[in-house]
Every structure is written in C-alpha cells, then in structure tokens.
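Q: First the structure, which I've put down as structure tokens, then a few questions once you've had a look.
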Amino acid sequence: ESEIRVMTKSSTVDLVTKTDERVEKIIIGSLKEEFGEGTFIGEESVAKGEPCILTDKPTWIIDPVDGTTNFVHGFPFVAVSIAFAVNKELEFGVVYSCLEDKMYKARRGKGAFCDDEPIQVSDVKDINKSIIISEHGTDRSPEKVTKIFSTMQKILCIPVHGLRGSGTAATNMCLVATGAVEAFFEIGIHCWDIAAGAVIVKEAGGILLDVDGGPFDLMSRRMISANNETIAKRIIKEIEIFPVVRDDAPIEKK
Ligand code: LIP
C-alpha cells in the first residue's frame with residue numbers, strides 16, 4: 001500500500017494503522033512459534049476486544065507501534081515495545097527505537113542496555129537542572145487538557161531546564177534510563193506503552209511511582225519514572241491528577 005491506511009480508536013486523534021495490526025500479528029506469531037502458546041496483552045488485540053487482565057501466568061505485553069501518530073506523520077520517534085511478566089512481576093523488557101535504530105533492553109536484576117552498552121539514569125538531584133518529559137495523550141476533553149497544561153506550566157516555572165515529549169512513552173522511558181532526561185510522567189498511557197520501559201528504567205537505577213506518590217501500578221494508566229526519588233517527589237507535587245479508567249477495568253466500564 002503506498003498510503004498508510006489510518007483509522008481511529010478512542011477518539012479522532014487516537015490513531016491506528018494496518019501496520020500496527022500487522023506488526024502485532026507478526027510479533028505474537030513469532031513468539032508463539034519460538035516459545036509455544038502463551039498469554040498476550042497486545043494493544044491492537046485489546047482494541048479488538050481481547051481481555052486486558054494481568055494474571056500470574058507468563059504474559060507478553062506488546063505495543064507493536066508506540067508513537068502511531070508520529071508514524072502516520074513521519075515524525076521520527078517510533079518504537080516497538082515488548083515486555084514479559086510472570087506472577088505479575090515484569091521480568092524483562094525490550095524497546096526498539098526504529099528511527100534511531102537503537103535496541104534498549106533490560107532483565108530484572110541484570111542491568112539495562114542500549115545496543116549492548118550499559119545505560120544509567122542521570123545523577124541530577126536539583127530540579128532546576130532537569131529536563132522533564134510528559135505527553136498530552138489523546139483525550140481532548142477541556143477539563144483534562146486544562147489540568148495537563150496547568151501541570152506543565154507549573155513544572156516549567158519551577159523552573160526546570162526544559163519540558164519535552166517524543167510522542168512515544170516507550171522512547172520517553174528509555175530517555176530517562178539513558179540519563180538524557182530526569183523524569184517522564186503521564187496520565188492516560190496504557191500498560192503496553194510502559195511495561196518494557198519500566199524494566200529498563202528500573203534496571204538503569206531509576207524509580208517508578210504512581211503519580212500520587214504511591215506504588216507503581218502497571219494497569220492504572222498513570223505513572224512517573226524518574227532518575228531518583230527527589231526529582232520524582234518534586235514533580236509529583238505539581239501534577240494535577242484526573243481520573244482514567246484502568247486497563248484491567250471490566251469492558252463495560254471502558
Ligand atoms: C502513545 C503513547 C504516548 C501517548 C499517546 C499514545 P501509541 O501510544 O506512547 O505516551 O501520549 O497518546 O497513547 O498509541 O502510539 O501506541
């Protein structure tokens with residue numbers, strides 16, 4: 001196909017393409033061939049009605065094209081994100097940053113790597129010397145957009161060195177893991193966007209929390225990943241939280 005066929009999901013700006021669907025089928029097919037039948041949580045399978053419940057079973061959590069809007073527009077940040085969890089514990093994660101041609105990976109307890117080189121979070125503790133990443137997602141309801149931009153304004157005026165957003169959560173988390181930025185937070189992401197990045201950030205020496213400072217909850221659709229607790233807690237003070245429906249909520253609630 002010369003043109004990428006673009007469709008929409010939860011809103012007119014929540015894009016999906018045939019490529020997303022095809023790549024997910026290829027990944028799941030290859031994993032089944034290599035490792036046998038398993039349990040899969042894939043962004044596009046869930047969009048078509050597959051369950052999104054993380055059980056104790058060994059589970060693959062897949063985002064075939066993270067940064068779909070970037071992909072459609074040719075904006076150069078697109079990633080493939082694959083994580084593996086057992087007993088609800090994330091065991092390893094792989095993020096391939098397609099346009100950068102960089103492979104980020106981490107296994108629980110074994111460190112984090114980019115193209116086989118060890119990576120580590122930044123050692124910055126002074127918020128005034130930080131770059132923070134966030135995204136505004138695909139919900140354009142005025143009350144949520146107001147909270148998102150009010151949060152960004154408060155963070156910018158701390159002040160921090162800068163606010164950024166690549167358009168893909170998986171890439172944003174790898175930027176935290178390499179020390180390029182000090183923190184990434186978002187309300188509205190999904191488990192498949194962040195599962196692999198969560199392992200990579202943690203194994204690079206970073207931390208993961210809920211946006212209210214509580215424990216990280218993969219299925220809650222909100223999180224902050226940071227280089228250390230000082231930066232995380234300072235950012236959390238500015239985040240205006242709004243409700244999102246959990247990934248593992250009953251279908252009728254979504
Ligand atoms: C994207 C996330 C990003 C979010 C976007 C979108 P997708 O994932 O990586 O953090 O802000 O709205 O959800 O949909 O491109 O796989």
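The values are calculated or read from the model by the stated rules, or taken from the named source; none is laboratory data. As the structure is a computational prediction, the values presented were derived from the model and not from experiment. All Cβ positions, even for glycine, are placed from backbone atoms using ideal geometry, and neighbour counts span all protein chains on display. Just the protein is used for accessible areas: all its heavy atoms, side chains included, with ligands, DNA and RNA removed. Shrake-Rupley method; radii C 1.70, N 1.55, O 1.52, S 1.80 Å.
Q: Can you name every one of the helices (runs of 4 or more DSSP H) wholly within the range 10-88 that holds 2 or more residues which are more than 11 Å from the ligand (Cβ to nearest atom) and touching a strand residue (DSSP E or B) at 6+ places or on another chain (Cβ under 9 Å)? Write out each step before concluding.
A: Numbers: elements: 18-35, 43-47, 68-73.
In the range 10-88, 18-35 are the helices (runs of 4 or more DSSP H) which contain 2 or more residues that are more than 11 Å from the ligand (Cβ to nearest atom) and touching a strand residue (DSSP E or B) at 6+ places or on another chain (Cβ under 9 Å).
Q: Assuming Gly188 fulfils every condition listed in (1) at positive phi; (2) more than 16 Å from the ligand (Cβ to nearest atom); (3) among the small types (Gly, Ala, Ser) apart from one, which condition is it?
A: (2)
Q: Name the single residue that is least open to solvent (accessible area, probe 1.4 Å) among those in the range 205-254 being assigned to a loop (DSSP other than H, G, I, E, B) and among the β-branched types (Val, Ile, Thr). Can you show your working first?
A: To start, the set of residues in the range 205-254 that are assigned to a loop (DSSP other than H, G, I, E, B) comprises 205-206, 210-214, 216-221, 227-228, 237-250, 254.
Next, from what is left, pick out any that are among the β-branched types (Val, Ile, Thr): 211, 239, 241, 244-245.
On the way: Val211: 1, Ile239: 20, Ile241: 65, Val244: 39, Val245: 59 Å².
Checking each candidate, the answer is Val211.
Q: Quick test for you: out of Asp139, Asp193, pick the one residue that is within 12 Å of the ligand (Cβ to nearest atom), out of contact with any Phe, Trp or Tyr (no Cβ under 6 Å at 6 or more places or on another chain), touching a residue at least 24 places away in the same chain (Cβ under 8 Å) and in a helix (DSSP H, G or I).
A: So the residue among Asp139, Asp193 that is within 12 Å of the ligand (Cβ to nearest atom), out of contact with any Phe, Trp or Tyr (no Cβ under 6 Å at 6 or more places or on another chain), touching a residue at least 24 places away in the same chain (Cβ under 8 Å) and in a helix (DSSP H, G or I) is Asp193.
Q: Restricting to the range 142-180, count the residues that are part of a loop (DSSP other than H, G, I, E, B), over 15 Å from Ala226 (Cα atoms) and within 16 Å of the ligand (Cβ to nearest atom).
A: Of the residues in that region, 3 qualify.
Q: Which condition does Met103 not pass, out of (1) within 19 Å of Leu31 (Cβ to Cβ); (2) in contact (Cβ under 8 Å) with a residue 24 or more places away in the chain, if it passes all the others?
A: For Met103, the exception is condition (2).
Q: Among Lys125, Lys105, Lys110, which is the only one that is among the basic types (Lys, Arg), in a strand (DSSP E or B), closer than 21 Å to Glu203 by Cβ and open to solvent by 50 Å² or more (accessible area, probe 1.4 Å)? Break it down stepwise before answering.
A: On the way: Lys125 fails: in a strand (DSSP E or B); Lys110 fails: in a strand (DSSP E or B).
Of the residues listed, the single one that is among the basic types (Lys, Arg), in a strand (DSSP E or B), closer than 21 Å to Glu203 by Cβ and open to solvent by 50 Å² or more (accessible area, probe 1.4 Å) is Lys105.
Q: Give the range 47-74 a look and list any residue that's crowded, with 20+ Cβ neighbours inside 10 Å and either among the hydroxyl-bearing types (Ser, Thr, Tyr) or free of Cβ contacts under 8 Å to residues at least 12 places away in the same chain (or both), or say none.
A: Residues satisfying the conditions are Thr59, Thr68.
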